[in-house]
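A short write-up of the structure that comes next.
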Amino acid sequence: MTNSKTETIIFWFMRSVTYSIVLIIAYIIFRIIYLGIPAVNWEFLTAMPRKSGAEGGILPAIVGTLCLMTGTIVVALPLGMAAAIYLSEYARQGKFTQVIRMAIITLAGVPSIVFGLFGLGLFVIFLNFGSSILSGCLTLACMILPIIIASSEEALRAVPLGIRQASLAMGATKWQTIRTNVLPYSFSGMLTGSILGVGRAAGETAPVLLTVAAFYLPKLPKSVFDQVMCLPYHLYILATQHPDADKIRPMQYGTALVLLTLVLGINLIAIIIRSKIRKKYKW
Amino acid sequence: MQNWRKILFKEKAVKYTLAAAASMSILIVLLIFTFLGKEAFGFLYEPGLKELFHTRWMPVSSQRESFGLVPLICGSLLVTTMATIIMIPFGVGASVYIAELAKPRERETLKPFIEILACIPSVVIGFFGLLIIVPMVKKVFGLQSGYNALSGAILLALMAIPTVISISEDAIRSVPKDYKSASLALGASKMQTVWRVIVPAALPGIITAVMLGIGRVIGETMAVMMVTGNSALITGNPTESVRTMTATIAAEMGEVPFGSTHYKALFCVGIVLLIATFILNLIAFKILKKYRMIG
C-alpha cells in the first residue's frame, strides 16, 4: 500500500512541477497584456517618442525592428535554404559534410552577445558599415542561419524518396528533380523554419545592442546605413536606464506588449502554416 | 549535343553554388574566431595574459585599471550553477510527465504552451523579473536588495526550461516501446517502469538536454543584466549582487573607446564565453551521437 502511496505522491509532484511552469508562463503573458493594453493606442503606435521615451509613441522602434527583420530574412533565407538543399540532396558522407555540420552546431551554440562582438568587429569596424541596419541585419542573419538550415533540411527530408526516384527515372537531371519535384513540396516547410528564426531575431537584444541600436533617436531611418531604435532595446532602456523608470511603467508595459505580440504573432503564423502543410501533404 | 553540355554545366554550377552556400557556416565560424581572437590577441600582447588572472575587474579607475576576469567568471559560474540546480527538477520532471504520464490530449496542449516560453524575448523575461522576481526575492529572504545572483538564476532557469524539456522529452520518447512493455509485463508498476527503466535508458539524452540548457544559461545576456545588480564581486553567496561575463560585455561595450585596453579586454571575455559554450555543445552532441539520439 505504501508503495502506491509514494507513487501517487511522485505523480502529483511531477504534475505540479509541470503545471507550475505553465502557470508562470500564463502569468507573464496575462500581466503584460493586462497592464499593456491601457498604454497601447493609436498615438502610442504611430507617434515619435518625446522626453527620451517617457511620452509619445514608439513608432521608430517598431519601424526599426521591422527593418531588421526584413533585412535579416533577405540575407539569411536564400543562404540557409541553399545550404539545406546542399546538405540534404547533394552532400555525401565525408569530411567536408562533417565539417559543415560541426560548424552549424557550433554556430547554434554561440551566445548572442558573442555574435554581437563578432558583428561589431567585422561589420561595424572592419568593413566600416558603422552602427547601422546593414551591420545589424548581417549579424542577426549569421545568428539565425542554423535555425533556418535545420528546419529547411527537415522539410526537405519529409519529401519521400520515391518522388525523387520517379523524377530521375523519367530522365530529369538532379537539379531539375529538385526544382520541380522537391522544392514545391518543401518550400512552405522551409518558410516555417525561417519565420521562427526571424521571430528569434526580432526579440534579440544583445547583438543588436552592439551593432545597430540607438539609445534614443526619434526619427525614421532613410538608408541601410542609418542607426535605428528597436523594440527590445527600447524596452531595456525604458525599464532600466531611464531616470524615471518607476513612473513610466505604462510605457514599458505597452512596449513589452507590442514586442510580445509581434514575436508570438510571428510564431503563430509559423504554427498555422505548419499545420496546413501537415493537412495538405500526407505521404 | 550543345544543349546537353549546357545542362551539364548548369548542373555543376548549381551544385557548386549550393556547396558554397553551405560552406558559409564554416566561414562564419572561422570569422567569429578570427575577429574575436584578433582583438583579444592585442590584449595578450599588451598588458599580457597575466592581467586576466587578476582578482579585480576595474576597467575604469583613476589609479590603476585592472582587468581580472576572475570575478566575472565567478559571477557567471554562480548564476549558472544555481540556475542548473533549479532547472533540473523542473525540466526533467516536466519532460517525464509530458512524455510518459500525461494523457495524449494533455500532452498536445502542454507542449505548445511550454514552447511559447521559448519564444518570449529575453528582455521581456528580464522586465518580468525586474518587476516581479526582484521584489519577491527581496521580500522572501528579507534582503536589502533583490538585485542578486538568485533573481538572475531564477530567470535563467525559466529561460532554459523549454530547451531542457523539449530535448529530454524527445529522448524519453525515443526509448524503444519494448523496454516499457517488458518492464510492465514483469509486474513493475508504472512509476517503477518510468524511473527504473525509461529514465535510465534516456539518461544520455536527458544529460545532453541539461547541458544545452546550461549553454543557453551561460550565454544569456539581457535578463541577467537586468536583475543581478552587476557588481563585480567574487562571492559564493546567492544573495549578493554579481556581474556575469555576458552582462559585462553588453553593459560596457557601448562606452569604451575603440582599440583601448578595456575594449580588448571585453573581447577576451567574449573568447572565454565562446570557448565555454563551444566545449559544452561539443560534449552534448558527442553524447547524442554516441547514443544515436540524433541522425
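The values are calculated or read from the model by the stated rules, or taken from the named source; none is laboratory data. On a predicted model such as this, the values are computed, not experimentally measured, just so you know. Reconstructed Cβ throughout: ideal geometry from the backbone, glycine too, with neighbour counts over all protein chains shown.
A few points about this structure:
Okay, residues lined up against (1) closer than 29 Å to A:A82 by Cβ; (2) within 31 Å of the chain's Cα centre (by Cα); (3) within 9 Å of another protein chain (Cβ to nearest Cβ); (4) not aromatic (F, W, Y):
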{"residue": "B:L8", "(1), (2), (3), (4)": "yes, no, yes, yes"}
{"residue": "B:V14", "(1), (2), (3), (4)": "yes, no, yes, yes"}
{"residue": "B:A22", "(1), (2), (3), (4)": "yes, yes, yes, yes"}
{"residue": "B:L27", "(1), (2), (3), (4)": "yes, yes, yes, yes"}
{"residue": "B:L30", "(1), (2), (3), (4)": "yes, yes, yes, yes"}
{"residue": "B:F35", "(1), (2), (3), (4)": "yes, yes, yes, no"}
{"residue": "B:F41", "(1), (2), (3), (4)": "no, yes, no, no"}
{"residue": "B:L44", "(1), (2), (3), (4)": "no, yes, no, yes"}
{"residue": "B:G48", "(1), (2), (3), (4)": "no, yes, no, yes"}
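- Selected residue (criterion: nearest to the chain's Cα centre (by Cα)) from residues of the range A:206-222 that are in a loop (DSSP other than H, G, I, E, B) and more than 23 Å from A:E43 (Cβ to Cβ): A:V212
- Qualifying residue in the range A:249-263 (condition: without any contact (Cβ under 8 Å) to a residue 12 or more places away in the chain, under 30 Å from A:F187 (Cα atoms) and assigned by TED's automatic domain parsing to the domain that holds A:G64): yes
- Consider the range A:170-190 and keep the residues that are touching a helix residue (DSSP H, G or I) at 6+ places or on another chain (Cβ under 6 Å) and more than 11 Å from every other protein chain (Cβ to nearest Cβ). The one that is farthest from A:I148 (Cα to Cα) is A:N181.
- Matching residues in the range B:207-243 - criterion: being of a type in the set (D, E) and under 19 Å from the mean Cα position of the chain (by Cα): B:E220
- Selection status of A:A108, at the interface with chain B (Cβ under 8 Å from one of its Cβ atoms), at negative phi and without any contact (Cβ under 8 Å) to a residue 12 or more places away in the chain: no
- Some residue of the range B:68-91 being without any contact (Cβ under 8 Å) to a residue 40 or more places away in the chain, farther than 24 Å from A:G116 by Cβ and not in a helix (DSSP H, G or I): no
- Subset of the range B:130-180 (residues that are more than 29 Å from B:E108 (Cβ to Cβ) and among the small types (G, A, S)): B:G142, B:S145, B:G146, B:A149, B:S151, B:G152, B:A153
- Condition met for A:E89 (within 19 Å of A:L191 (Cβ to Cβ), among the acidic types (D, E) and either more than 17 Å from the chain's Cα centre (by Cα) or modelled with pLDDT under 90 (or both)): yes
- Subset of the range A:204-247 that is within 12 Å of chain B (Cβ to nearest Cβ) and among the small types (G, A, S) - its residue that is farthest from A:M48 (Cα to Cα): A:A206
Table: residues versus (1) surrounded by 24 or more Cβ atoms within 10 Å (Cβ to Cβ); (2) touching a strand residue (DSSP E or B) at 6+ places or on another chain (Cβ under 6 Å); (3) within 30 Å of B:K180 (Cα to Cα).
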| residue | (1), (2), (3) |
| --- | --- |
| B:P204 | no, no, yes |
| B:V224 | yes, no, no |
| B:N230 | no, no, no |
| B:N237 | no, no, no |
| B:V242 | yes, no, no |
| B:T246 | yes, no, no |
| B:F258 | no, no, no |
| B:V269 | yes, no, no |
| B:F285 | no, no, yes |
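- Checklist (1) of a type in the set (S, T, N, Q); (2) away from chain A (no Cβ under 14 Å); (3) over 24 Å from A:T211 (Cα atoms) applied to B:N281, failing item: (2)
- Filtered residues of the range B:155-188 (kept if outside any helix (DSSP H, G or I) and either at positive phi or surrounded by 15 or more Cβ atoms within 10 Å (Cβ to Cβ) (or both)): B:S174, B:V175, B:G187, B:A188
- Condition broken by A:G171, with the remaining ones in (1) crowded, with 19+ Cβ neighbours inside 10 Å; (2) of a type in the set (G, A, S); (3) outside any helix (DSSP H, G or I) satisfied: (1)
- Pairs with Cβ under 8 Å, 6+ apart, first in the range B:44-55 and within 13 Å of B:V269 (Cβ to Cβ), second part of a helix (DSSP H, G or I) and among the aromatic types (F, W, Y): B:E51/B:F43; B:L52/B:F43
- Residue satisfying all of: in the range A:138-159; of a type outside the set (A, V, I, L, M) and under 21 Å from B:L274 (Cα atoms); surrounded by the fewest Cβ atoms within 10 Å (Cβ to Cβ) among these: A:P146
- Matching residues, the range A:223-252, being assigned to a loop (DSSP other than H, G, I, E, B) and under 18 Å from the mean Cα position of the chain (by Cα): A:M229, A:C230
- Test result for A:R157, within 11 Å of chain B (Cβ to nearest Cβ), farther than 16 Å from A:L79 by Cα and out of contact with any Pro (no Cβ under 6 Å at 6 or more places or on another chain): yes
- Residues that are closer than 19 Å to A:E7 by Cβ, of a type in the set (A, V, I, L, M) and in contact (Cβ under 8 Å) with a residue 12 or more places away in the chain within the range B:167-189 comprise just one, B:I172.
- The range B:101-150 - residue that is small (G, A, S) and over 21 Å from the mean Cα position of the chain (by Cα) and, of those, nearest to the other protein chains (Cβ to nearest Cβ): B:A102
- Meets criteria (closer than 24 Å to B:L18 by Cα, assigned to a helix (DSSP H, G or I) and in contact (Cβ under 8 Å) with a residue 40 or more places away in the chain) for A:S194: yes
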